[in-house]
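Please read the structure below before turning to the comments.
Every number here is computed from the coordinates shown, using simple stated rules; none is lab data. It should be emphasised that the depicted structure is a prediction, and the values quoted were computed from it without experimental measurement. Cβ placement follows ideal geometry from the backbone for every residue including glycine, while neighbour counts extend to all protein chains displayed.
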Amino acid sequence: MKAPPCFEDPETRKIIRKICDQHSIDSELLKDLCELMNEYSGSGRRFGLPDEIDGIVNRFLTRTSEE
Amino acid sequence: MYLSRLHLHNWRSYADGVFEFNEPTSKKSVVLVGAMNGHGKTSFLVSLYLGLFGRFGLRYCEGFNLADESDISSYRLAIKKYRRNSAIPEEPTIIDVTLTPTIADSNEEEVRVVRRWFFSGKNEPKFGEGFEEVDLYVGGRLQKRGELEKDPLVQAHERIERNLFPAHVAPAFFFDGEQAQKLIENMGESGIKKAVEVMFGTKVIGELAETMSQYLVRARQGVGGKKKSSDRQVELDEKVKKRDELNQRIAKLQADHIKLERDKDEKDRERNNLQEDLARLGGAGNADAATLQGEYVKAEREEGDAEKAVTVAAKSLGIALAMSRLAPSILNRLKAESSLESWEGLKRGTVENKDKVVAAALPEPPENDPLLGNLSSEVREKVRERFLDALSSIYNPQPPDCAKEYLLGHVKGDARSKLLLQLAQVQAAGSDEAKDAARRLRAAREALEDAKVKAERLNNLPQATKDIRARLDMLNTLNQEISRKLGALENEIRKLKSDLHTLNEEIGRIQEELARLGPEQKRIAVAERVTRALEDLQEQLKPTTASRLEEYVTKHFLTIADQRFRNGRIRLPMGGAPEIEMENGTRALLEMLSGFEKRSFGIAFSLALAEITRRRIPLVIDTPLGNADSEYRPRTLQALKDFDLDQVIILTHDEEVTPRLADTIKSSISQTFLVNFEGQGKGSVVQPDAYFGR
C-alpha cells in the first residue's frame, strides 16, 4: 500500500519533516504508520494493529539508537 | 492501470455484455463508448462502483447516500433496481471487472473482481449470506478467504481496497458529467474539507492520530497505567517543546539583530556620505562657512557692479547711437551754413571793395589812365557802371551748397569749425563705440549671470549645510537608539542561550533516564511524540491542501472554460460556496454561472482530485459534454484527452461526441464501442470497433 499523497508532495513533505524534527521523530516513522493506517482504513478491522504499530515504533527506536 | 475487461451479466439493460479494452498507449488513451439514451451508459458507470466495492460503493451512485452503505435493505433494493428486469430468477446478476497494470506499472498486479448477486424464484434478492458473493483475483490468483469469524464481503472489500484503491477515491475517477454539475451545488465547507482530506491523505493522518491515542491507552495499561516513565516523557516533551520555542525565539532575535545591524550599517554609510557632501560643499568648519559668506557678499557686489556696468554701457551706447544718427544732418546743415557764410563774406567783400576795384581799373583823372584815359567821360562812366554791375553780379546766384538761411546761426565761425570737426570724429568713431558698448554690455551681462549663479549657490549653501547637519543629527540619534536595541538584544540572546544550555542539560538527563527504561515505555514515549506531531500536521496541512486544490481546479477549469475567465482563479473558501476570482479582482459565485460552466467546474474539480491522488486509475466519464456549446465541446474533449492518465473512457450519445467531433481527437482514440439496445431478448449489445455513423 502506498503512503498518502501528502508524503509524495514536495511542499507537504517539507512541512512533515519540520514537524517531525520538532517532535524528535523521523518522517519515515510517520510514513510507515500512515501506510499501515491506509491498509486498515475503512475496513473497521483492528486485529493485529497494535502489534504492527509496536513493530514500526521498534524499528524507529532501533534506527535512532543506531544513529 | 487501465480497465481491461468489463463483463456485465443481467445488469440493467445488459443481458450479457462484454467490453474488452486494449492496453492504451501514451498517445492513444481515449476510449469512446457510444450509446443512445437508455442503452447502457450509466449502467456501465454504476457497475464500476458496485462491482468493485459492493455496498461500500453505493453511496457514490446517484440517489443514494452514506446511510445506504450500512443499511443492507437499501443495498438489496438498489441491486434489485439495477438487475435486468427480464433476468431468469435462477441466474445471478454478475459484474466482472478487471483492472490491469500498464507496462509502466510493472510492480503492480492485475486485479479482477467478480461480484455475484443471487435472487429467489420471484426475482427477489436472497436473504442473508446467500445474496452476494465476491471473488478477488490478484495476479490471476484467487484470494482465499481468511478469518472465518469475519464477514467475507468485508474481508474482500479490504483486500480490494488494499490492492486497488480506496472506494472514496473512486468518485474522482468514475463520474457522471451531470453529477459533476451538481457537485458545485452540494459543495460546502464539509464537502471541500472532506475531499481534501480524502484525496490528499490527511484523512489517514486524522485516523492515525486517533489510533495512536487508542494505542497509547492500551500501552499504558500494559505497563500498569500512566507511570512515572510516562510523566518523565511528558516532562521531556515539554522541555523539548520549550527548547524548540527557545530556539525559535533565539533565531528570531538573531534575525532581528542581523536586521538591526544592517540598518545601522546603512545609516553609517549614509552618515559617511553626508559628511563627504558637507566637506565638498565647503567643509564642515565655521571658518569655511565664513569664507563662503565672504564669497557670497563679493558675488553680490559683483552683481551690483555688473548691473551698473550694464546701465552705463547702455547709456553710453544710447548717446553714441543717438548722436551717430543726427550727426550727418547737423554736419550737412553746418556745412551749408558755413558755405552761406563764406559766400556772403566773399560777396560782401567784393561789393564793399567794388569802388576800389573800379578805381584801380579806371584810375582818375583819366590822363593818369594810359589804357582808357582817351575815352570820353560819358563812355568812361558807362564802363565804370559795367564794372560795378559785374562786380555786383559775379556772386549771383547763390552757390547750391549754401544754406538758404541760418538755422544754426548761433554756431558760427570757429565754433562751427570745431563742431564740424567733432561731428566728423563722432561720425567716424560712432560704429566702433557702439560695438565696444555692445561688447561691454555682453561682458557685463555675463558678469552679472556669473554673479547671480554664484550668489544663488552661496544663497543655497547655508540651507544645504543646515539640512545635512539636521540629517546627520537625526542619524546619530537613530544610531544611538539602534545601538541601544542591539545591546538589549545581545543581552537577551545571551540569557536565552544560557537558558537553552540549562534546558539541554536537563533534557540530556531525562533522555539518559528514559534510555534506561524498558521497551514498552520507550514505545509509549515515541507514540506520545507521534500523536502530538500528527495533531500539528493536521493543522498545518489544511491550508496547504486547500490552496493546492484551488490551484489544480483552476488549472483544469481554465483549460475548459470560456475566454472571459482567462487569468481567473477558483477560490474554495472554507465555509463558503466556490467562487471564481476574475483577473480584475472581482469575485463571482460559481453557482451563478451557466449550466455547462458549472459542469466545467465539476469536471475540473474531479480532474483536480484525480491529479492530487497521484493514482493512475482509469478515468470514466458519463456524458461529459451535456449541453455544452460548439466552443466548449472541443475544449472539454481536449482537456480530457490531455489529462495525464493511462486510460480515459468517455460514455457518450450521438449528439454529444459526434463522429465529427470525435475526429478532432482521432489520433488519441485507442478504441471505440457502440452499445445498441436490441430489445428485451438481447438487451444492450456491445459492438467493438464501432461508433455512431460508422
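Structure above, values below:
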| read-out | value |
| --- | --- |
| Greater than 22 Å apart at Cα, pairs in B:K354/B:K404; B:K241/B:K497; A:K18/B:K542; A:K31/B:K203; B:K259/B:K497 | B:K354/B:K404 |
| Cα→Cβ-extended label distance, 7 Å offset, between B:D644 and A:S65, nm | 4.3 |
| Cα gyration tensor shape for the range B:234-280, rounded if a/c is under 1.5, else prolate or oblate | prolate |
| Percentage of interatomic Cα-Cα distances in the range B:68-120 larger than 15 Å | 61 |
| Sorted by Cβ density within 10 Å, fewest first, the residues B:V383, B:V46 | B:V383, B:V46 |
| Gain on full stretching of the segment that runs from B:E381 to B:T664 - 0.36 nm per residue minus C-alpha separation | 86.9 nm |
| Pair B:R218, B:E245: separation of 7 Å Cα→Cβ label points (nm) | 3.4 |
| log₁₀ of I(q)/I(0) at q = 0.16, 0.18 Å⁻¹ - the range B:480-565, Debye sum with one point per alpha carbon | -0.87, -0.93 |
| Stretch gain in nm, segment B:S342-B:A255, where the contour uses 0.36 nm per residue and the Cα spacing is subtracted | 20.0 nm |
| Amide hydrogen neighbours beyond the local backbone of B:V620, cut-off 5 Å, H modeled | B:F174, B:F175, B:I649 |
| Cα-based reach from B:K412 at 12 Å (exclusive), listing aspartates and glutamates while leaving out same-chain residues under 8 positions away | B:E337, B:E341 |
| For B:236-248, mean number of other protein chain Cβ atoms within 10 Å | 1 |
| B:K466, B:K354 arranged by Cβ crowding within 10 Å, fewest neighbours leading | B:K466, B:K354 |
| Nearest-0.05 FRET efficiency for A:I15 and B:S630, computed from C-beta distance (R0 56 Å) | 0.80 |
| For the range B:606-655 versus the range B:335-354, the gap between their alpha-carbon centres in whole angstrom | 133 |
| B:W11, B:W117, B:W343 arranged by Cβ crowding within 10 Å, fewest neighbours leading | B:W343, B:W117, B:W11 |
